[in-house]
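Some notes on the structure that comes next.
The values are calculated or read from the model by the stated rules, or taken from the named source; none is laboratory data. Note that this is a predicted model, so its numbers are computed, not measured. Please note: Cβ atoms are built from the backbone with ideal geometry, for glycine as well, and neighbour counts cover all protein chains shown. In case anyone asks, the SASA skips ligands and DNA or RNA and just uses the protein heavy atoms, side chains included. Shrake-Rupley method; radii C 1.70, N 1.55, O 1.52, S 1.80 Å.
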Amino acid sequence: MKKFLLWQYMLNKRLLHKKEFIVLLCLIPLLVFGITVISKEESNVVTIALAMEDTNDELACSIIDEMLQDDSIIRFMQMDVEQAYEAVTDGKADCAWVFRENCEDKLITTFARVDEPIPPVYVVAQEDNVALQLSRTKLYGYLFPHLAFLLAQNLQEDVLMEGQELSVEETPDIPLEDPA
């Protein structure tokens, strides 16, 4: 080991006698510390305020909980509707997603080809940019599993069960054939 260290010293002797090299060696731990501190800070691309018109809406609450627990480049903040508008106008949030009251019915009617559907979520933003357009794709990704479940449940109740109530745990024992 002594021979190895002596060999390294002899190879690097000219570097060790330069002040700049010693300063650079001392700066390496400082740079590593600085990078670790910076990497722990929030580095979100988009900040979105989440709000609900009806705080008792179960579907909206569950979707917002999913969003808040998700670890992504989008930063979600939950607040009430007035605070969401203020956050967008003050620049604290890039946009606000406001879930309307009775979100479940509006979600079904929006995708059921009703004459004038009312969207379950409306977006408030000062400007429309690429990041916000991509974030709306993420919004649809959160809504789609709930929409698919609700549409399947309505199909089972209306077509397969002929209007009978169907619980979530219950699966009909109906052979798969064309109902028409």
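The table that follows gives values for the structure above.
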read-out: Efficiency of FRET from Cβ geometry, residue 134 and residue 32, R₀ 30 Å, rounded to 0.05; value: 0.35
read-out: Spacing of the two label points (7 Å from each Cα toward its C-beta) at residue 105 and residue 68, in nm; value: 2.6
read-out: Neighbour-limited loop hits for trypsin sites (Lys or Arg not before Pro), the stretch 87-132 (at most 16 other Cβ within 10 Å; DSSP other than H, G, I, E, B); value: 92, 113
read-out: Percent breakdown of C-alpha pair distances by 10 Å bin, ordered from the shortest bin, for the stretch 8-50; value: 22, 28, 20, 15, 10, 5, 1
read-out: From phi via Karplus (6.51, -1.76, 1.60), per-residue ³J(HN,Hα) for the stretch 121-126 in Hz, x at Gly/Pro; value: 9, 10, 10, 10, 8, 7
read-out: Derived scalar couplings ³J(HN,Hα) [the stretch 10-18; Karplus, 6.51 cos²θ - 1.76 cosθ + 1.60; whole Hz; x for Gly, Pro]; value: 5, 5, 9, 4, 5, 6, 5, 8, 9
read-out: Directionally averaged projected area (convex hull, Cα atoms, the stretch 1-74), nm²; value: 9.4
read-out: Alpha carbon convex hull of the stretch 85-146, volume per residue in cubic angstrom; value: 99
read-out: DSSP-loop trypsin sites (Lys or Arg not before Pro) across the stretch 10-44, with at most 12 other Cβ within 10 angstrom; value: 18, 40
read-out: Calculated from backbone phi, Karplus (6.51, -1.76, 1.60) coupling profile of the stretch 85-90 in Hz, x at Gly/Pro; value: 4, 5, 4, 6, 5, 7
read-out: Share of carbon and sulfur in the accessible heavy-atom surface of the stretch 31-88 [1.4 Å probe, %]; value: 52
